[in-house]
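Below is one structure, written out as structure tokens; the observations come after it.
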Amino acid sequence: MKTLPMIARALILFAAMAVVAGPAHAQSEPFKVYDTRPVITEGPYLIASGERTATIVWFTDTPSHAKVRYGPGNDLSAEAEPQVDGLVPVGTRHVVHLEDLAPGTTYSYEVVATRVVKLNAYWPDKGLDVRSGPHHFTTFDRESPSVSFSIVTDTHEDTGRINDLNQAIDWESTEFLVHGGDAFHWIDTEEHLFRAWLRPTTAALAHSKSLFFVRGNHELRGPFARRLLDYVPTPEGRFYYARDAGPVHLIVLDTGEDKPDDTNVYAELNLTGPYRAEELAWFQDHVKTEPRVSEAPFRVILMHDPQWGWLADGPGAWIETANEAGVDLVISGHRHRFAYTPPGPDVDHSYHLLVIGQDQVGKVDATADELRVVVTDLDGKVVHTLVIPRG
Ligand SMILES: [Fe+2]
């Protein structure tokens, strides 16, 4: 009769040892690898690249883990593999931020996604990998004597318009593309996000030219609005940041909503007031502490609403900050029609203010001596030419 408790005690001890030691496999036993590969469903595309950074994004149909092989010229010997809190992300959205790149350098890259069939605690079941590349991109360089980029805006889910704009863009001389916001009426789902905007837009960028997204007021709306940054991620983790591209110091701002937070249609779910206050603090600090703001030949702000969006106290502090920083040009959209307001005694801003219309392309060409913007319509007809000499 005394043997039963002893057996029970032995079983408990064995179970405890098993928990400590993990499953009774040899440590060297291989994990299972099934003969199955993920499919790349979107991308890779590049977001808001810089002089030393590049953000590469792509999607797969099944959960996978990801890395990027890259290097200058045709070299692919460096690897960047993301981790979050010590774990390699497993999912269908893949984001790799490349860091410590050399300015003004053309890199090759190849994205790799390896399928994870079952995410067991021990010996997860894996699959094979899928690759895309090699593709190429060139980092920005503040020492470069010139930079050229194109801007389109307010495409509002019209994929015909996006395709027409893509046809109208001079890609040969466009180093990166800016979308000035309101790509949507509101954002419903991931598929909606790709179908109505990112898929046709990134197709034209051919895995090599970077997309700069300026958030519009319509991007704060809809059930998927809270996920948008996952699809246009920046190393800063926010919609406002700065880059140096040749002679231009670029400041991308988020003008938030155009309606007050307490507007009933938002049912108390908007809190842009404190968000914009944080952004203003960043903007004020940036223009004070970043030497390039005074040293670059030109300062250009990219933002959606030419009136700076809804602000409880009005845009005075923003305009003052831009004026004091010597901002040369603000390029915006929102109004769907072209407008140009020069600086002068009749306005409160000392920058040139351009509003790009809905079916227009703004082409910016900057040298150390001159900032030139030519706005054309879909037929290539010139709507406006603005030339700003170095001050
Ligand atoms: Fe807008």
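The values are calculated or read from the model by the stated rules, or taken from the named source; none is laboratory data. Fair warning: this is a prediction, and the values are worked out from it, not measured in the lab. Quick reminder, even Gly has a Cβ in these numbers, built from the backbone with ideal geometry, and neighbours come from all protein chains shown. Accessible surface areas use protein heavy atoms only, side chains included; no ligands, DNA or RNA. Shrake-Rupley method; radii C 1.70, N 1.55, O 1.52, S 1.80 Å.
Note the full-extension length gain between residue 350 and residue 143 as 0.36 nm times their separation in residues minus their Cα-Cα distance, in nm to one decimal. Intermediate results must be reported in sequence, preceding the final value.
Numbers: separation 207, 0.36 × 207 = 74.52 nm, distance 2.65 nm.
My answer for the length gained is 71.9 nm.
Could you tell me the calculated FRET efficiency between residue 387 and residue 97, based on Cβ-Cβ distance and R0 = 45 angstrom, to the nearest 0.05? Mind dumping the intermediate values first?
Values: r = 36 Å, r/R0 = 0.81.
After rounding to 0.05, the efficiency reads 0.80.
Looking at the P(r) of the chain, how many percent of alpha-carbon pairs lie beyond 33 Å? Could the numbers behind the result be given before it?
Numbers: 29242 of 76245 pairs.
The proportion of pairs with Cα distances above 33 Å equals 38 percent.
Taking trypsin sites (Lys or Arg not before Pro) as exposed when DSSP calls them loop and at most 10 other C-beta atoms lie within 10 angstrom, the chain has its longest site-free stretch at 3-380. Here the accessible area of region 40-138 is 48 percent carbon and sulfur, with a 1.4 angstrom probe and all protein chains present. Taken along the Cα-to-beta-carbon direction at a fixed 7 Å, the label points for residue 84 and residue 120 span 2.5 nm.
Hey, what's the chain come to in accessible area per residue, 1.4 Å probe, Å²? Before the final figure, lay out the partial values.
On the way: 18450 Å² over 391 residues.
With all protein chains present, the chain gives 47 Å² per residue.
In percent, rounded to a whole number, the relative contact order of the chain is 14, using alpha-carbon pairs under 8 Å and six or more apart.
Using the beta-carbon distance between residue 294 and residue 131 and R0 = 41 Å, what value does 1/(1 + (r/R0)^6) give for FRET efficiency, to the nearest 0.05? Present the calculation step by step, with values, prior to reporting the outcome.
Values: r = 44 Å, r/R0 = 1.08.
That pair, residue 294 with residue 131, gives E of 0.40.
Could you list the GluC sites (Glu not before Pro) in region 89-197 that lie in coil according to DSSP, counting only those with at most 14 other Cβ atoms within 10 Å of their Cβ? Mind showing how you got there, number by number?
Numbers: sites: 99, 110, 143, 157, 172, 175, 190, 191; in loops: 99, 143, 157, 175.
Passing sites in region 89-197 are 99, 143.
Averaged across orientations, what area in nm² does the convex hull of the alpha carbons in region 40-138 project? Don't skip to the answer; put the middle values down first.
Numbers: hull surface 25.4 nm².
Over every viewing direction, the Cα hull of region 40-138 projects on average to 6.4 nm².
Within region 146-389, what whole-number % of the accessible surface is contributed by carbon and sulfur, with the 1.4 Å probe and all protein chains included in the calculation?
Working: 4800 of 9670 Å².
The value for region 146-389 is 50 percent carbon and sulfur by accessible area.
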